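The values are calculated or read from the model by the stated rules, or taken from the named source; none is laboratory data. Predicted model, so just to flag it, every value in this text is computed and none were measured. Cβ sites come from the backbone with ideal geometry, for glycine too, and all protein chains shown count toward neighbours. The area values use the complete protein model at the heavy-atom level, side chains included, leaving out ligands, DNA and RNA. Shrake-Rupley method; radii C 1.70, N 1.55, O 1.52, S 1.80 Å.
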Amino acid sequence: MADWIDAEQAMAALGVRAQTLYAYVSRGRVGATAHPDDPRRSLYRASDVAALAAKKARGRRAADVAAEAIAWGEPVLPSAITTVEGGRLFYRGQDAVDLARMHSLEQVARLLRGGHGAPLTGPEPRKPKKGETPRARLFSTLAARAGVDPPARGRAPLALAMEAAGLLEAAADAVAGSLGEGPIHQRLADAWSLDASGADLVRRALVLLADHELNASTFAVRVAASTGSSLAAASLAGLAALSGPLHGGMAARVEMFVDEAERRGPARAVAERLAQGSAMPGFGHPLYPDGDPRAAALLAAFEPAPGLGDLRHETEAATGLAPNIDFALVALAHALDLPADAPFSLFAVARSAGWHAHAIEQLQTGTLIRPRARYVGPRR
């Protein structure tokens, strides 16, 4: 309990009263846990208190606070869907790693939506063009739906949840390249000619990727949804953001790192990147200083190829950084001999579940997300 202090110490460090301390806890700014000797009392995470005290001491301007909130800063909007707390990921209060042990993506999607919505049949899906990639099919499917689906603003949450369930099915069919039945993980496994154990690994990956709080693609979804757009249009905004190399496209950068390790050897590849001051794609995560629990859970479920295992060992030994979910996805793709774009496909289908939940939640607020820009250009 070295990182925990009592209420009196926390209030003294922050210079606040008990009510304010409790408000910080409720907003997720200070972690709290039951006192081991007295369950009626609480202990507070000392590192959270110290970080908050330091910010208060700096007395930053509101504009500076707002600017920093955009990049891994303070929470900017309330949500009851997902949170990262104490190095763990929770979907509506349930540990995502625990859910991944036995639940399907459809079940988790329903949980994220608040427990509502069976699939609702949407428009007749477009037939894939010859040679079209799963990524292209997914973009085309959402674009076609965005062009005909009605605006979501003012519609009943249950109706939206049913539409969301249908959209998730459509996303899975787009990636698989055909209309299918049964669990989504099995349909993807069939498309990739996997056995039962491979299908179960796909299921685990989908659940672990279903949502991740207010990441770039989810924020894009909420901005689009706040205008009242259709769920398909909001999802298309999310997919556009996901496609970037710093988000869902990160797997390609991990593959480059893996290629370097295969050509030069893992130790040399890591040493050269350190000498150049380059990043280690697939390792470390700002929200998980002690390691990404999603990656740990997925990597524990299969044996990565020897080359990736060696790269992981060398990177961890040299930098202290643990693998993140992008490395785990690439390792999974190698272990199952999946197509090159499979990590992105898994990411996109899985994250659709979270996008839909966030879009519905944003619509229920009835507010438009419209931040202000701090002008730094020339003046007359």
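Odds and ends about this structure:
- Among the residues of the stretch 255-292, those identified as crowded, with 17+ Cβ neighbours inside 10 Å and in a helix (DSSP H, G or I) are 255, 257, 258, 260, 261, 266, 269, 270, 273.
- Residue in the stretch 362-380 that is open to solvent by 30 Å² or more (accessible area, probe 1.4 Å), among the charged types (D, E, K, R) and either under 21 Å from residue 251 (Cα atoms) or in contact with a Lys or Arg (Cβ under 9 Å, 6 or more places away or on another chain) (or both) present: no
- Taken as a whole, the condition of being open to solvent by 10 Å² or more (accessible area, probe 1.4 Å) and part of a helix (DSSP H, G or I) applies to residue 326.
- Flag if residue 308 is crowded, with 19+ Cβ neighbours inside 10 Å and over 14 Å from residue 188 (Cβ atoms): yes
- Candidate set from the stretch 304-361 (those that are aromatic (Phe, Trp, Tyr) and more than 23 Å from residue 277 (Cα to Cα)); member that is farthest from the chain's Cα centre (by Cα): 344
- Checking residue 247 against (1) open to solvent by 10 Å² or more (accessible area, probe 1.4 Å); (2) in a helix (DSSP H, G or I); (3) touching a residue at least 12 places away in the same chain (Cβ under 8 Å), the condition it does not meet: (2)
- The combined condition, being on the phi < 0 side of the Ramachandran plot, modelled with pLDDT of 95 or more and touching a Phe, Trp or Tyr at 6+ places or on another chain (Cβ under 6 Å), is fulfilled by residue 238.
- Look at the stretch 5-31: where a residue is touching a residue at least 12 places away in the same chain (Cβ under 8 Å) and a partner is of a type in the set (Lys, Arg), sitting 6+ places away or on another chain with Cβ atoms under 6 Å, you get 31/45.
- Among (1) free of Cβ contacts under 8 Å to residues at least 12 places away in the same chain; (2) over 30 Å from residue 306 (Cα atoms); (3) not polar (S, T, N, Q) - the single one residue 265 does not satisfy: (2)
- Filter pass, residue 193 being open to solvent by 10 Å² or more (accessible area, probe 1.4 Å), among the small types (Gly, Ala, Ser) and closer than 18 Å to residue 100 by Cβ: no
- Residue that is within 22 Å of the chain's Cα centre (by Cα), closer than 23 Å to residue 94 by Cβ and not in a loop (DSSP other than H, G, I, E, B), where the choices are 295, 301, 252: 295
- When we screen 271, 241, 237, 295 for residues that are in contact with a Pro (Cβ under 6 Å, 6 or more places away or on another chain) and among the hydrophobic types (A, V, I, L, M, F, W, C), the only hit is 295.
Okay, residues lined up against (1) within 29 Å of residue 89 (Cα to Cα); (2) touching a residue at least 40 places away in the same chain (Cβ under 8 Å); (3) open to solvent by 20 Å² or more (accessible area, probe 1.4 Å):
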residue	(1), (2), (3)
144	no, no, yes
152	yes, yes, no
159	yes, no, yes
163	yes, yes, no
166	yes, yes, no
171	yes, yes, no
179	no, yes, yes
183	yes, yes, yes
199	yes, no, no
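- Matching residues, the stretch 105-131, being modelled with pLDDT of 80 or more and either assigned to a helix (DSSP H, G or I) or surrounded by 15 or more Cβ atoms within 10 Å (Cβ to Cβ) (or both): 105, 106, 107, 108, 109, 110, 111, 112, 113, 114
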